[in-house]
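Following: one structure in structure tokens, then a few remarks.
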Amino acid sequence: MAIEKLTEFAKTGQKDTDQLDLEVGFVVNRKPARQWFNWLFNALTNKINEIIDADFMPKSDVVDNLTTNDSAKPLSAKQGKALQDGKLGKTETAVAATKLATARTIALSGGVTGTATSFDGSGNISIPVTAIDGSKITTGTIPAARIPTLNQSTTGNAATATKLQTARTIALSGGVTGTATSFDGSGNISIPVTAIDGSKITTGTIPAARIPTLNQSTTGNAASATNCSRSIVAGNGLSGGGELNANRTLTLGTPSTITASTGNTVSASSHTHDLNLDGFFKAAKSTNGYQQLPGGLILQWGTVDYSNNPGQVSRSVSFPLSFPNACLNVTATRKMNSATNQGQGSVLCVSSTRTSALFSLVHQQGGNIDLGGFTWFAIGY
């Protein structure tokens, strides 16, 4: 946009006032008079107008593109740098141009000869073809209209013809026999088939509609049949089956619940099995024995005998079966050799491991007493 000049301000105003030195300004205790400010503003106005008169160019007049066609407007530095960076050097080759600097001629040679024609890229050209070398024709077929009629005698065998000079007969033999039919090439023929040798059929399947129904007695095993004398009979624990004139299914009977008294039984609708847990939960059913329970728990027991009171002694007992993991609890009971009242004593478990337990026997009455051994019971896993 254009910048308008400022209007002159107080052009004829008086600038000098009392106690004003133009070199050093006003004295510190005196304010500038109105006349001095009038002169100052007038001077600023004149200087701004001088800048405007010196070809000042507003920012809006600067062109920041390469498409504006206005010789009076300057180009921005940004677009100037883009031109500098993208310019083509004197020795460089342009990627594309609207016209060649030097026109070239384009001619045709070899199988076709044409007039050399000038071409500079500014427009399309057409090259006049003046001669064609027929020996260079390697593909395609020349249209019949381009070949003149030749009036000359032809001898030898033609490569192709519309009719054979001598008609031939075509017959069929082998797996199929047909009537020999004359053929000279002037038209299509059809050879009547009079017989087919079935033994020559080696592939494919004859449609069922082409096979007649045979009313005769068949003995032996037929390759296939809709009905036969065979059937599938469901055995014990199975159901289903039937004659083999259709698909059959055998169904396994639903097992019954296994109990402690279950035996090995099979019926048409179910089957059960005897339950033998001896192999799963081992046991030693003896005076010193054990019993393995579901879940891994093991019970063990045993007895230690003395013919008379052994006094106060310690006795180690080895378990019939070592606990795989730990011994959880051990108890013991003192025994007497006879049913008298002459015996006061006890048995204590001192310690236990996975393989054994240590017991201590004590008594509270001396003399001839009837204390004997003890029984023990252990639980572990």
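Assorted remarks:
- If the condition is being surrounded by 16 or more Cβ atoms within 10 Å (Cβ to Cβ) and among the hydroxyl-bearing types (Ser, Thr, Tyr), then segment 291-321 contributes only Tyr306.
- Residues (outside any loop (DSSP other than H, G, I, E, B) and in contact with a Phe, Trp or Tyr (Cβ under 9 Å, 6 or more places away or on another chain)) located in segment 156-203: Arg168, Thr169, Ile170
- Look at segment 187-214: where a residue is modelled with pLDDT of 85 or more and a partner is exposed (fewer than 10 other Cβ atoms within 10 Å of the Cβ) and in a loop (DSSP other than H, G, I, E, B), sitting 6+ places away or on another chain with Cβ atoms under 8 Å, you get Asp197/Gly174.
- Qualifying residue in segment 133-150 (condition: at pLDDT 85 or above, not basic (Lys, Arg) and not in a loop (DSSP other than H, G, I, E, B)): yes
- Taking residues in segment 30-58 that are assigned by TED's automatic domain parsing to the domain that holds Lys73, and partners anywhere that are at pLDDT 65 or above and in a helix (DSSP H, G or I), the pairs with Cβ atoms closer than 9 Å and at least 6 places apart or on different chains are Pro32/Leu40.
The values are calculated or read from the model by the stated rules, or taken from the named source; none is laboratory data. The structure presented is a predicted model; accordingly, all values stated were derived computationally and were not measured. Because the Cβ atoms are built from the backbone with ideal geometry, glycine has one as well, and the counts that use them run over all protein chains shown.
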